[in-house]
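Here's the structure we're looking at; comments come further down.
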Amino acid sequence: MIQKVRLRLTLLSGGITTLILIIMTLAYLYISEKNILDNKNYSYQSDIYSIAAMLEQQNVISHTWLSQLEANDAYYISLSDNGVEFLFNSRLQNTVREQIVDNAWAYYRKQSENTDENNAASQDKRTISYQSSYTSFMMPRTSDTPAIAQDYYCFVISVAKNQSALEMLLIAPLAGVRQQIWHQRLLFLGIILAALAALWIFAWIFTGKLLQPIEENRLRQNQFVAAASHELRTPLAVILSCSENACEKLNVQKELNPKESLEKDVSIVPAISHDLSMIQSEALRTSRLLGDMLTLSSLDANHFDMDCRETELDTLLLNVYERFESMARQKHIALNLKLPAEQPPACVCDSERITQVVTILLHNAISYTPANGHILIALDFFKNYYEIKISDTGVGICDEEKDKIFNRFYRSEKARSDKSHFGLGLSIAQGIVTAHHGKITVSDHLGGGSTFTVLLPIIK
């Protein structure tokens, strides 16, 4: 399911980003190509003004000047004086050039003879000075003439001088401009394809990283359910077995003594009493497990209610110490309490929850510390935080397990046989401390054993 969600998120994010990138690229290409054509048009107009001025000022038009204008295929030039073409037009035997020039003149003559307003509006006629004017038009493509399979921009400059009508046709091939535009398109196509490939790879990796905490949480939930089911199965099996045994013994007694009162026969009472005691014990164990699971569920859902008030941590630890002193004495464990010489400031916290944290840590310390061991409860405070330490000389925790002991239902191999621990206490303690914006850590204790350290911020 996570993979399906990842795929859909990748398609959604990648698709939207791809669409935006394509739209922006097309908009940029449109503006860029329009600027290229506009700049080329401005360049042509500048040339036309210069050529028209030259024609007005000069009485003789040299072949050298015309050849310079045609250099590098910038223009195809043809001149006509009172309808008679110059010899310059036929100096080169170029069939393609002749076809282009003939079609341009034919199109121009046809447009000049046609006085229809729609056709006249298709031409751009401008007056350069009082003696000359020019007409610009785009020569239409024709499939009959392969030479006109591309675009040509045409200009006809008309100059009236000494009762002579001079017309100069300049044909500008747009192949170079089109080629520049196509090169730009291909360049942007390559850039876009590379960018899209990188984008989709990034989207796939990013969604994977985004969903990783969800996947880890799902796995933890599955492990939690599996471990909880396993823990609940054992006490429920004991309860069912004991209850069945008790019922069978009662039925047997009734069959043997149908007329006698069950209360008078004491032979079965100890066995039934034992079964009922086991049922009560396992029911209480199940109740504690369910309570711990509800606490963790509240922590996960951020519905963990806390009543934070000013609390004297030294008094709180003293009360916990007195509660566990007799338990430690029964196991022949020395339990000590170390408080700071200076009165610590009041801690803003939920006293019952912090007491629960200390109780969990102290109960674990007593459970895993052998006889004649030592346990120390220490309180200290600094500028920005309080420090509660619980150190023991017990079995200790290996380095490989220090990162796992706060996981739910995790128990070290040394604690597998202890049914009083479900492996939820440290998870609950960590959740409570985290809810107080604090931190809990574990380290090795000098001489063996472990030290749990709880840090709580000082809120002024």
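Any idea which residue in the range 423-460 is modelled with the lowest pLDDT, counting only those that are among the hydrophobic types (A, V, I, L, M, F, W, C) and surrounded by fewer than 19 Cβ atoms within 10 Å (Cβ to Cβ)?
Only one residue fits best here, namely L446.
Between residues in the range 72-98 that are at pLDDT below 70 and residues that are part of a strand (DSSP E or B) and surrounded by 10 or more Cβ atoms within 10 Å (Cβ to Cβ), which pairs lie under 6 Å by C-beta distance while being six or more apart or on different chains?
F86/L79; N89/S78
Which one of the conditions (1) at pLDDT below 70; (2) under 37 Å from the mean Cα position of the chain (by Cα) does D305 fail to meet, given that it meets all the rest?
So the condition that D305 fails would be (1).
Quick test for you: out of K419, K414, pick the one residue that is at pLDDT below 80, in a helix (DSSP H, G or I) and either over 37 Å from the mean Cα position of the chain (by Cα) or outside the structural domain of L313 (by TED's automatic domain parsing) (or both). Steps first, answer last, please.
Numbers: K419 fails: in a helix (DSSP H, G or I).
So the residue among K419, K414 that is at pLDDT below 80, in a helix (DSSP H, G or I) and either over 37 Å from the mean Cα position of the chain (by Cα) or outside the structural domain of L313 (by TED's automatic domain parsing) (or both) is K414.
Quick grid of which residues meet (1) of a type in the set (A, V, I, L, M, F, W, C); (2) modelled with pLDDT of 90 or more:
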site	(1), (2)
V320	yes, yes
R329	no, yes
L335	yes, yes
L339	yes, yes
S367	no, no
E387	no, yes
I397	yes, no
E401	no, no
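Looking only at the range 152-187, which residues are more than 30 Å from Q58 (Cβ to Cβ), surrounded by fewer than 16 Cβ atoms within 10 Å (Cβ to Cβ) and touching a residue at least 12 places away in the same chain (Cβ under 8 Å)?
Once the filter is applied, which keeps residues that are more than 30 Å from Q58 (Cβ to Cβ), surrounded by fewer than 16 Cβ atoms within 10 Å (Cβ to Cβ) and touching a residue at least 12 places away in the same chain (Cβ under 8 Å), the range 152-187 yields A175, R178, Q180, Q184, R185.
Being modelled with pLDDT of 80 or more and of a type in the set (S, T, Y) is the requirement here; does S143 meet it?
Numbers: modelled with pLDDT of 80 or more: no; of a type in the set (S, T, Y): yes.
In short, no.
Could you say which residue among S281, S351 is of a type in the set (G, A, S), at pLDDT 70 or above and either assigned by TED's automatic domain parsing to the domain that holds E244 or surrounded by 12 or more Cβ atoms within 10 Å (Cβ to Cβ) (or both)?
S351
The values are calculated or read from the model by the stated rules, or taken from the named source; none is laboratory data. All of these numbers come straight from a predicted model, not from anything done at the bench. So basically every Cβ, Gly included, is an ideal-geometry build from the backbone, and we count neighbours across all protein chains shown.
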